[in-house]
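Student: Right, I'll just put the structure down here and ask away after.
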Amino acid sequence: MECIITIELGTNAVRVYAFDLNGNIIGSLKGYCPTFHSEPDYSEQDVDQIFITMLYVLKNLLNEVLHPKKYKVLCICFSSSMHSVVAVDKRGNPMGHAITWADNRANKEAAELKHSALGKKIYNATGTPLHPMSPLAKIAWIKNNEKEKFKQVSKFLSIKTYILQQLTGEYVIDYSIASATGLLNIHKIKWETESLKFAGVTAAMLPELVPIDTKVGKLNKAYQTSLGLSADTKILVGSSDGCMAVLGDGVTGEGTGIITVEDSGAVRVVSDKVMQDDNQRFFNYLLTENKYVSGGPTNNGGVIFEWFTRQFGDFKNPFDIEHTMLELINDASKVPAGSDGLLFLPYLLGERAPIWNANARGVYFGMNIKHEKAHFVRATIEGILYELYSIGKTLEEHRSINSLTINGSFGTLPFFTQMVADMFNKPVRLRENYHSVSYGSYLLSAKEMGMYQSLDEAANSVVLPDLATPDKQNNKMYLKYYPIFERLSTKLASEFADIAALQHD
Amino acid sequence: MNQFVLSHTTASELRLFPHIVEIGVVKNSAIRLNGFPSTTDRCLKLYYIQEGKFEWSINERPYTLYPGDVALILPGNEFGNRNNVLEIGSFAWIHIQVNKNEKNELVTGAWSSLSEAECHAISKVLQADRIPILQKFTEAGTILKSIQTELFTQEIGCQARVNHLIDEIFIQVSRQFTRMSNPGRDFPKTFTKLEQELRNNLSHQWTVEEMAAFVGLGTTLFNEKVKSYSGFSPLNYLINIRISEAIKLLKVPDISLTDIALDTGFYSSQHFSTTFKKLTGYTPSEFRKNHLGTN
């Protein structure tokens, strides 16, 4: 029997799945990797620990599930989170930890660029919002703040590049991850000269650019032996997690919005055209040479509901947050849509799309004497999803969205899924049982092995059931309150700035 | 409780308990100047407030204590009222003789039935840098009362009971401290704290019991939570950190393999080598050669 392995290098964990050739899951395991915050704005991960964790998890899945059942691994396909930077010296050894997407140290570099003519030019060329998350800003930060280190850097890699290099010896970066660096011209698919100049690097200091279906060299002998894999196991470079989720939900063309609600969240659409937005509100990442995944990210997804649960939930057993959240959702379900006029702005972590305001903060608005705890629970969830709706609404200025798919650990909670359908007034399709990101990797592998002629054909094989149809009454209610939410989110800008300044002191 | 003081130098009741330096109860109805000066001693002190309000200074930081509160003063920490005043109210206390080993950990004496591992875990909890006050911890008052009763009645089994009760103080106080710092809501945060502690003491031979005690969970629930959160068993997670740190050290040319092995908590360079090769496919020296060149 033959199988395909997918490896997702995510923010908190490495997730490894094994699929049979029909796309059924044979097994899956995960391994946690910590994020370090040595300074308030810093978010770093240890790439060697990520590598060791990946080996450990992969090896366990092979030894516990695949080898005993005599599966032959035909292909291993990768995906990873975006925007990471790993500086390596001339021997290829990391110079410190990887800087992850959540790191904000390059705030100043990003802000200065954003408000300049050069910034506008770079955004139009690269499609990556000018934000401290982008490797462009991060590398510029190292150049400006760690001059000695910068001189010693031989290459700037992504986390996935480093992991693939450890396994195969090759330095590669796929179009998808590269398109999220702020360094790639997404129209020409070449490194953007203006970006390289701003970051102070040359193309030789970056990995080789390759399409997402590229087979990367060969697995090093030592890993063939220790993992029990054959030399002809294909290693596929794969894409970013965001682009994989889109593919995994079967979307490679216009008309569908893809909503992800994990700790953070995003609304995405796919097109063969770049989405030009004068306000620089959206990202445009490459899935393939001619498919753009455009959309907006939010910082304040499920992590905000987790925050609420920890503060106000009734924990029956220590650390049993899952159960406590379900109890709260049960409370929330008894309150009518619109929470009887209680609104919540979920900006506890500042916000990216669509307001792009790092100083934004959380607000409960409209409280009256009749509101009870359950109203706060419901308003909190509604606020998180109004925010996703606001991203979707701005995307609809450029693209029509007829239906939605949803994925992510929070998005797939039935209460969340239904609320999204009601707010957007569109049917929502949903992949049950497994992760859209890994299924996207499976589809890419299946295409690469000739089971499908094209990615479109592979994506078309995905049939997701409509799991939530919109409730018109609820939709009416949400549309009454949403304009107030939208106005508040920008109206309070100067108060957000003042309170954020005081909180920084 | 009525007022009394037993001191190990004079009280016959403490003949069998040389490790109880002092135990007592005071009921004070008028402010006494110079009644409670700061002192620094080599014993561990525990105070339990029964009535009144007390402004005390522990290790040069001021604290206000109310009925039901417990103050824990580690050996060598200064303790008393800043103005030497004994305020109005009543409290009970016990001073217990503890030793410190070469790693500066607290060790109970032969009288205690705590195992070495338990003692180590408790010492870690008590010595962690935190506010030395347990609010509304009335269990401590109950235990002190039981010790007092045992000492004065001297019934059969008194020696065993008193020693058990002192162990009980150590156990309950450290459990309460961990409960306070881990209210059982935020596992990611708790796990991060544990991970930092493991990294800071990587060469220590951690047991699951010690890790669970640090987090304030029983070992069964601890194993389950760590597994579901991290995908690793606690000991495998520890090995994962050890190997990751070893990888970094292997890229530094001048550290010997034995030093790396011991620094990262392996028993020997052999143990290190086997574990490393099993996971990475390379022996540490092959790995080092690949990353440093042949020199």
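The values are calculated or read from the model by the stated rules, or taken from the named source; none is laboratory data. Predicted, not measured: the structure shown is a model, and the values here were computed from it. Here the Cβ positions follow ideal geometry from the backbone for every residue, glycine too, while neighbour counts run over all protein chains shown. Areas reflect the complete protein model, heavy atoms only, side chains present, ligands, DNA and RNA absent. Shrake-Rupley method; radii C 1.70, N 1.55, O 1.52, S 1.80 Å.
Student: Got a number for carbon plus sulfur as a percent of region A:187-294's accessible area, 1.4 Å probe? Could the numbers behind the result be given before it?
Tutor: On the way: 1830 of 3780 Å².
For region A:187-294, the apolar C and S fraction of the accessible surface comes to 48 percent.
Student: So, in nm, how far is label A:A111 from label B:N200 when the simple model puts each one 7 Å beyond its Cα toward the Cβ?
Tutor: Each label point lies 7 Å from its Cα, and together they span 3.4 nm.
Student: Still on this model: Arrange the residues B:W56, A:W356 by how much accessible surface each exposes, largest first, with a 1.4 angstrom probe.
Tutor: On the way: B:W56 5, A:W356 45 Å².
My answer, sorted largest first, is A:W356, B:W56.
Student: Measure off, as a whole percent, the carbon and sulfur share of the 1.4 Å-probe accessible area of region B:4-181, all protein chains present. All intermediate terms of the calculation are to be shown ahead of the outcome.
Tutor: Values: 4380 of 8830 Å².
The value for region B:4-181 is 50 percent carbon and sulfur by accessible area.
Student: Output the direction-averaged projected area (hull surface divided by four) of the convex hull of the alpha-carbon atoms of region B:227-295, in nm².
Tutor: Value for region B:227-295: 4.6 nm².
Student: Lysine pairs in region B:4-181 with Cα distance under 28 Å, only those 8 or more apart or on different chains: how many are there?
Tutor: Lysine pairs meeting the criterion: 18.
Student: Within region B:172-206, name every residue whose backbone N is under 16 Å away from a label modeled 7 Å from Cα of A:Q311 along the Cβ vector.
Tutor: Within reach of a label on A:Q311: B:185-186.
Student: Using θ = phi - 60° and the Karplus relation 6.51 cos²θ - 1.76 cosθ + 1.60, list the HN-Hα couplings for region A:195-210 in order, rounded to whole Hz, with x at every Gly or Pro.
Tutor: Karplus-based 3J(HN,Hα) across region A:195-210 equals 5, 4, 4, 4, 7, x, 10, 10, 4, 5, 8, 10, x, 6, 7, 9 Hz.
Student: If you don't mind, there's one more thing I want to ask. How large is the accessible surface per residue of chain B, computed with a 1.4 Å probe and reported in Å² as a whole number? Please report the intermediate quantities before stating the final value.
Tutor: Details: 14280 Å² over 295 residues.
On a per-residue basis, chain B sits at 48 Å².
Student: Right, next: Can you tell me the accessible area per residue over chain A, all protein chains present, probe 1.4 angstrom, in square angstrom?
Tutor: Result: 38 Å² of accessible area for each residue.
Student: Still on this model: Students often get this wrong, so check it: of A:K426/A:K472; A:K69/B:K277; A:K121/A:K188, which have C-alpha atoms separated by over 18 Å?
Tutor: Pairs exceeding 18 Å: A:K69/B:K277.
Student: For region B:105-175, evaluate the Debye formula with one uniform point scatterer on each Cα (no solvent term) and list log10 I(q)/I(0) at q = 0.15, 0.19, 0.25, 0.27 Å⁻¹, rounded to two decimals.
Tutor: -0.55, -0.83, -1.15, -1.22
Student: Using a loss threshold of 50 Å², tell me which positions in region B:178-194 are less accessible in the complex than in their chain alone. Probe radius 1.4 Å, ligands and nucleic acids ignored.
Tutor: Buried on complex formation: B:G184, B:R185.
Student: Quick one: what are the phi-derived ³J(HN,Hα) couplings along region A:243-255, Karplus 6.51/-1.76/1.60 with θ = phi - 60°, whole Hz, x for glycine and proline?
Tutor: Once rounded to whole Hz, the list reads 5, 5, 5, 4, 4, x, 7, x, 10, 10, x, 6, x.
Student: Find the sum over both chains of the accessible area lost when B and A are paired, probe 1.4 Å, and report it in Å² to the nearest 100.
Tutor: Working: alone 15730 and 20450 Å², together 33230 Å².
That pair hides around 2900 Å² of surface in total.
Student: Within region A:78-175, which GluC sites (Glu not before Pro) sit in a loop by DSSP and count at most 16 neighbouring Cβ atoms inside 10 Å?
Tutor: A:E146
Student: Distance check, please: which entries in A:K221/B:K278; A:K155/A:K447; A:K30/A:K291; A:K155/A:K221 exceed 22 angstrom between their Cα atoms?
Tutor: Exceeds cut-off: A:K155/A:K447; A:K30/A:K291; A:K155/A:K221.
Student: Go ahead and collect, in residue order, the members of region A:128-165 whose backbone nitrogen is under 20 Å from a label point 7 Å along the Cα-Cβ direction of B:E286.
Tutor: Residues A:163-165 qualify, since their backbone N sits under 20 Å from the label point.
Student: Go ahead and estimate [θ] at 222 nm for chain A from helices alone: -39,500 (n - 2.57) per DSSP H run with n ≥ 4, summed, over the residue count, rounded to 500.
Tutor: Numbers: 18 runs with 194 residues, N = 505.
Counting only the DSSP helices, I get -11500 deg cm²/dmol.
Student: Let me ask something else. Evaluate 2.2 N^0.38 Å with N set to the residue count of region A:10-104, then give the Cα radius of gyration divided by it.
Tutor: Compactness ratio reported: 1.28.
Student: In debye, nearest 20, what is the charge dipole magnitude of chain A about its Cα centre with +1 on Lys and Arg Cβ and -1 on Asp and Glu Cβ, if you could check?
Tutor: 760
Student: At what distance in nm do the modelled label points of B:R130 and B:S181 sit from each other, each positioned 7 Å from its Cα along Cα→Cβ?
Tutor: Going from the B:R130 label point to the B:S181 one covers 0.5 nm.
Student: Next up: What residues of region A:1-37 lose no less than 40 Å² of accessible area with every protein chain in place versus their chain by itself (probe 1.4 Å, heavy atoms only)?
Tutor: Buried by the other chains: A:K30, A:Y32.
Student: Please report, in Å, the Rg and the Dmax of the protein assembly as shown, where both are computed over Cα atoms only.
Tutor: My reading of the Cα-based Rg and Dmax gives 30.3, 94 Å.
Student: Over all alpha-carbon pairs of region B:4-181, lay out the pair-distance distribution in 10 Å bins, whole %, shortest bin first.
Tutor: With a bin width of 10 Å, the distribution comes to 9, 39, 38, 13, 1.
Student: Given a Förster distance of 56 Å, report the FRET efficiency between B:F4 and A:I25 from their Cβ-Cβ distance, rounded to the nearest 0.05.
Tutor: Numbers: r = 70 Å, r/R0 = 1.25.
FRET efficiency, B:F4 to A:I25: 0.20.
Student: While we're on this one: May I ask you to work out the translational diffusion coefficient for region A:381-448 at 4 °C, viscosity 1.567 mPa s, via Stokes-Einstein with Rh from the Kirkwood sum over Cα pairs, reported in whole µm²/s?
Tutor: Translational D for this selection: 98 µm²/s.
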